[in-house]
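Colleague: Please read through the structure below; I'll follow up with questions.
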Amino acid sequence: MSMSTQIMSGHLGNLELAAASLGNNGIQVFAYGLMLGMGSAVETLCGQAYGANKYEMLGIYLQRSTILLTITGIGLTLIYIFCEPILLFLGESPEIASAASLFVYGLIPQIFAYAINFPIQKFLQSQSIVAPSAYISAATLVVHLALSWLAVYKFGLGLLGASLVLSVSWWIVVVAQFVYIVKSDTCKLTWRGFSVEAFSGLGGFVKLSASSAVMLCLETWYFQILVLLAGLLENPELALDSLSICMTISGWVFMVAVGFNAAASVRVSNELGAGNPKSASFSVIAVTSYSFIISFIAAVIIITLRNVVSYAFTDGEVVAAAVSDLCPLLALTLILNGIQPVLSGVAVGCGWQTFVAYVNVGCYYVFGVPLGALFGFYFKMGAKGIWSGMICGTLMQTLILIWVTYRTDWNKEVEDAAKRLDHWHGTKEPLLN
């Protein structure tokens, strides 16, 4: 839904496209990464608990995670409110910072939709319940497109209208999914109503969530730094225009990898919780192979259509030439995104978040970002140089995860999963059925 909003905003002009790119790919993804990371703890616990037949704990984990993410959302709101001075401090141009802040203000209600949506998604995915979420998202997308068209074109609300519609759409998804959980018989074993147990053990849950947040935030924010650095180049509007299109295409294909990421996390965590090490190992091989093949095909298509793909977003010939120049890097990114997210899903299913966080810090921020800045600014390679250096960091991280996964002792992972569930299992006291 955020991608469709960004495409519509692109027809408003170069400044609006650059601002939407910075607001959507910069500020919004900052919140998205943090919320997704904090919610990843419930993904590990729910998946392993479901595999171990401790169904009653899934609802407790869902409520604990929602409480924690809502509190986190209050802090994020302050960042959204003061995003314009923050962007100016980071060196963005006043025009782009002002327009981006307008877009971001409309996304404030979305923060708290994230706080509820991510735990709900992980709660359902851990039980292999994905069809209802897919139907709800598809129906909401239709509504979102219609509302976005009205807000941008008919009522002339511009970037603010586009972002407000985006927030409304996310809340529609949240409400619909929660109604499904409460009313559906498929969740009657895992949702026992609200419980005071959700407020206990929050301190330990914060520690586990913090490790998850560091791991996934560093991944999610990594390529958004590319957008922020591009805003510091000599011609920021052209750089942000071309990168916005490339990041949107990458985001579309990345959604496929996100699906496989969820599949890997669910299958691995379920099998570890159920005490099936061989099944967990086989799941890793199968999911990674499928994701890689699809991403490779997408990369070939992008290279083939490199000279025309940008015209789906803009009529500008200068931007089209810049996008064509970036397409080889885009294709390589797509291939890496066919492997890395799946292995991250494996890490979440196993509970390796802390280890992967250290790997991400080293590969992304000690190696990738400085190398990208060196290529982009010192060697005057511009956006292409920044992106090239950061791809090197992603490649290093991917190779490390491949090696660690290959060397994994799955019998030991089963034992660790059992210890983890014993630690987090507790008595439940219903508050409201």
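Colleague: Could you tell me whether residue 66 is open to solvent by 20 Å² or more (accessible area, probe 1.4 Å), of a type in the set (Val, Ile, Thr), at pLDDT 85 or above and in contact with a Leu (Cβ under 9 Å, 6 or more places away or on another chain)?
Modeller: no
Colleague: Then there is this: What single numbered condition from (1) open to solvent by less than 50 Å² (accessible area, probe 1.4 Å); (2) touching a Gly at 6+ places or on another chain (Cβ under 8 Å); (3) of a type outside the set (Phe, Trp, Tyr); (4) at negative phi fails to hold for residue 382?
Modeller: (4)
Colleague: Of the conditions (1) under 30 Å from residue 409 (Cβ atoms); (2) without any contact (Cβ under 8 Å) to a residue 24 or more places away in the chain; (3) of a type in the set (Phe, Trp, Tyr), residue 292 clears all except one; give me its number.
Modeller: Tallying (1) under 30 Å from residue 409 (Cβ atoms); (2) without any contact (Cβ under 8 Å) to a residue 24 or more places away in the chain; (3) of a type in the set (Phe, Trp, Tyr), residue 292 fails exactly one: (2).
Colleague: Modelled with pLDDT of 70 or more, out of contact with any His (no Cβ under 8 Å at 6 or more places or on another chain), surrounded by 20 or more Cβ atoms within 10 Å (Cβ to Cβ) and within 27 Å of residue 178 (Cα to Cα) - does that describe any residue in region 86-104?
Modeller: Within region 86-104 (the criterion being modelled with pLDDT of 70 or more, out of contact with any His (no Cβ under 8 Å at 6 or more places or on another chain), surrounded by 20 or more Cβ atoms within 10 Å (Cβ to Cβ) and within 27 Å of residue 178 (Cα to Cα)), the answer is yes, since at least one residue qualifies.
Colleague: Residues in region 105-112: is at least one surrounded by fewer than 15 Cβ atoms within 10 Å (Cβ to Cβ) and either among the aliphatic types (A, V, I, L, M) or on the phi > 0 side of the Ramachandran plot (or both)?
Modeller: No.
Every residue, every condition in (1) hydrophobic (A, V, I, L, M, F, W, C); (2) without any contact (Cβ under 8 Å) to a residue 60 or more places away in the chain, yes or no:
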{"residue": "337", "(1), (2)": "no, no"}
{"residue": "364", "(1), (2)": "no, no"}
{"residue": "375", "(1), (2)": "yes, yes"}
{"residue": "392", "(1), (2)": "yes, yes"}
{"residue": "399", "(1), (2)": "yes, yes"}
{"residue": "407", "(1), (2)": "no, yes"}
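Colleague: Only residues that are open to solvent by less than 20 Å² (accessible area, probe 1.4 Å) and either within 15 Å of residue 40 (Cα to Cα) or touching a Gly at 6+ places or on another chain (Cβ under 8 Å) (or both): list them for region 246-272, please.
Modeller: 257, 262, 264, 265, 266, 268, 269, 270, 272, listed by residue number.
Colleague: Could you give me the residue pairs with C-beta distances under 6 Å whose first residue belongs to region 198-213 and is farther than 15 Å from residue 71 by Cα, whose second residue is modelled with pLDDT of 75 or more and crowded, with 21+ Cβ neighbours inside 10 Å wherever it lies, and which are 6+ apart or on separate chains?
Modeller: The qualifying pairs are 208/41; 211/353; 212/40; 212/41; 212/353.
Colleague: Now for a different question. Output the number of the condition that residue 235 fails; it satisfies all remaining conditions of (1) under 17 Å from the mean Cα position of the chain (by Cα); (2) closer than 18 Å to residue 387 by Cα; (3) open to solvent by 30 Å² or more (accessible area, probe 1.4 Å); (4) at pLDDT below 85.
Modeller: The number of the failed condition is (1).
Colleague: Which of the residues spanning region 177-209 are buried (at least 18 other Cβ atoms within 10 Å of the Cβ) and not in a loop (DSSP other than H, G, I, E, B)?
Modeller: Scanning region 177-209 gives 177, 180, 181, 187, 195, 197, 198, 205, 208, 209.
Colleague: Moving on to the next point. Taking residue 35 as the residue in question, decide whether it is within 20 Å of the chain's Cα centre (by Cα) and assigned to a helix (DSSP H, G or I).
Modeller: Values: within 20 Å of the chain's Cα centre (by Cα): yes; assigned to a helix (DSSP H, G or I): yes.
Taking the combined requirement at face value, the residue satisfies it.
Colleague: Grab the helices (runs of 4 or more DSSP H) fully contained in region 61-171, keeping just those with 1 or more residues being within 18 Å of the chain's Cα centre (by Cα).
Modeller: Qualifying helices (runs of 4 or more DSSP H): 94-105, 108-125, 131-149.
Colleague: What helices (runs of 4 or more DSSP H), lying completely within region 355-428, carry at least 1 residues that are hydrophobic (A, V, I, L, M, F, W, C) and within 25 Å of residue 240 (Cα to Cα)?
Modeller: In region 355-428, 369-373, 382-406 are the helices (runs of 4 or more DSSP H) which contain 1 or more residues that are hydrophobic (A, V, I, L, M, F, W, C) and within 25 Å of residue 240 (Cα to Cα).
The values are calculated or read from the model by the stated rules, or taken from the named source; none is laboratory data. This is a predicted model, so every value here is computed, not measured. Please note: Cβ atoms are built from the backbone with ideal geometry, for glycine as well, and neighbour counts cover all protein chains shown. Quick note on the areas: whole protein, heavy atoms, side chains included, nothing else; ligands and nucleic acids left out. Shrake-Rupley method; radii C 1.70, N 1.55, O 1.52, S 1.80 Å.
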